[in-house]
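Beneath this line is the structure, given in structure tokens, with notes to follow.
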Amino acid sequence: MEHELVVLTKEEIFQFRRSLMSWYRNHARELPWRGVSDPYRTWLSEVMLQQTRVAAVIEHYESFLVRFPTILALALATESDVLAAWSGLGYYRRARMLHRAAQFITREWDGVLPKTSGELRTLPGIGEYTCAAIASIAFGESIAVVDGNVERVLLRLTGRAESGTAAGRAFVQAQAGALVPRRRINVQVNAAGDHNQAMMELGATICLPRAPLCLHCPVYSMCKTRGEHVTSARGVQRSLPAAYLLSLRKRGTVTEVLLERRAKDTSLMPGMVELPPLPQDAVEGREPLLRVRHAITNTNYYVQVFAAKGPQDRGLRRAVPAAKNDLEWVRTSQLASLPLTGLARKVLQRLDVMEVRPLQLPESV
């Protein structure tokens, strides 16, 4: 059935592969997770890259590896330490699943990452896309990797509109599977892994969602769309206000900031630490110390931060709805070790309460 869905001829498939790989060898971005021999690094990069900009991942990837250089180091860490290293990347369930998977691998696989997509699929938090990416890039398995970038390339190449249906997904998967090179015995080149990375690179840098750079596309002559294709209607972006309290105090030479820890059973970012939220009616008529926009999935939060500067602002502190047990004073020097929400980290760094530390890589021996 899958074979019947393939619309490209053998000649077209060969031409596509050859043109794509020639372009990729000359134009691929230099990224820290490319060309590595450690499957753990490939796995980490693929998890970090899910729904996250490459630039943001680059900022966190190396620093995360400094703290957790191996699967065993990650497995032995506390969840709080892992979340602290992940802070700023968002979608914190990924970090929790990564941590649990490392513990599972240490316990059940002697600390060695499984090599096949089928085995990888059994690990916590590893779905169809991630297991295919790791299996092909790290281990050379001939399996297609289909993310949003690859799907867009294939729909435009074949002249199909985006449907979002099971039949539409099967069509894209069939085209992707037909294009992946088969593994050759006794050949060191990772054809499948390189091909999958090239497909994702093409979608990320040339076949863009809006205003694609068609004249720079290596397979432009084969493309049936040559421009933007028909896409499904996007969900409406919501806009919501949010207010937070910044309360600082001095204890000798030490500066402390008041923070709130989210409950472990809450549905959104459980166990993470943030500035105490304030109700909107408590801040009416007040001038904020900082205004910042913060986007999470399909919601834009227009955030205002209010400072409690002295006795006159005790009413502002009393307006915090959180229970006292959920609030804690933390030394500003310890903020980098806490599992802060991305918004809290952004605000504390913008206000110079939290130091922005440059990445310190270990010296080579």
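The values are calculated or read from the model by the stated rules, or taken from the named source; none is laboratory data. In this text the structure is predicted, and so the values were computed from the model without any measurement. Backbone-built Cβ (ideal geometry, glycine too); neighbour counts: all protein chains shown.
Details
- When region 136-167 is limited to residues that are part of a loop (DSSP other than H, G, I, E, B) and among the aliphatic types (A, V, I, L, M), the one that is farthest from E228 (Cα to Cα) turns out to be I143.
- Residue count for region 190-216, restricted to those that are within 26 Å of the chain's Cα centre (by Cα) and either assigned to a loop (DSSP other than H, G, I, E, B) or over 25 Å from V36 (Cβ atoms) (or both): 9
- Residues of region 116-125 that are in a loop (DSSP other than H, G, I, E, B) and either crowded, with 22+ Cβ neighbours inside 10 Å or without any contact (Cβ under 8 Å) to a residue 60 or more places away in the chain (or both): T116, R121, T122, L123, P124.
- The lone criterion from (1) assigned to a loop (DSSP other than H, G, I, E, B); (2) modelled with pLDDT of 95 or more left unmet by T52 is number (2).
- Qualifying residue in region 284-292 (condition: touching a residue at least 40 places away in the same chain (Cβ under 8 Å), among the β-branched types (V, I, T) and under 19 Å from A319 (Cα atoms)): no
- Restricting attention to region 40-69, the residues being under 26 Å from G140 (Cβ atoms) and either in contact (Cβ under 8 Å) with a residue 60 or more places away in the chain or not assigned by TED's automatic domain parsing to the domain that holds F139 (or both) number 8.
- Check on F104, of a type in the set (F, W, Y), closer than 26 Å to I71 by Cα and in the same structural domain as W43 (by TED's automatic domain parsing): yes
- Counted residues, region 335-349 - those being within 21 Å of L290 (Cα to Cα), touching a Ser or Thr at 6+ places or on another chain (Cβ under 6 Å) and surrounded by 22 or more Cβ atoms within 10 Å (Cβ to Cβ): 1
- In region 222-255, the residues that are under 30 Å from R350 (Cβ atoms) and among the small types (G, A, S): G235, S239, A242, A243, S247, G252
- Selected residue [modelled with pLDDT under 95, part of a helix (DSSP H, G or I) and of a type outside the set (G, A, S)] from L72, L98, L65, L83: L83
- Checked against the criterion of being crowded, with 17+ Cβ neighbours inside 10 Å and not hydrophobic (A, V, I, L, M, F, W, C), region 69-85 has at least one qualifying residue.
- For S45, the criteria (1) within 30 Å of A295 (Cβ to Cβ); (2) part of a helix (DSSP H, G or I); (3) at pLDDT below 95 hold in every case but one, which is (3).
- Residue in region 306-329 that is of a type in the set (A, V, I, L, M), under 28 Å from the mean Cα position of the chain (by Cα) and not assigned by TED's automatic domain parsing to the domain that holds R94 present: no
- The residues on offer are A170, A176, and the sole one that is in a helix (DSSP H, G or I) and either buried (at least 18 other Cβ atoms within 10 Å of the Cβ) or not assigned by TED's automatic domain parsing to the domain that holds R17 (or both) is A176.
- Residue in region 265-299 that is surrounded by the most Cβ atoms within 10 Å (Cβ to Cβ), counting only those that are more than 22 Å from the chain's Cα centre (by Cα) and under 25 Å from S333 (Cα atoms): L275
- Test: residue in region 98-109 that is closer than 24 Å to M269 by Cβ, surrounded by fewer than 17 Cβ atoms within 10 Å (Cβ to Cβ) and under 18 Å from the mean Cα position of the chain (by Cα): yes
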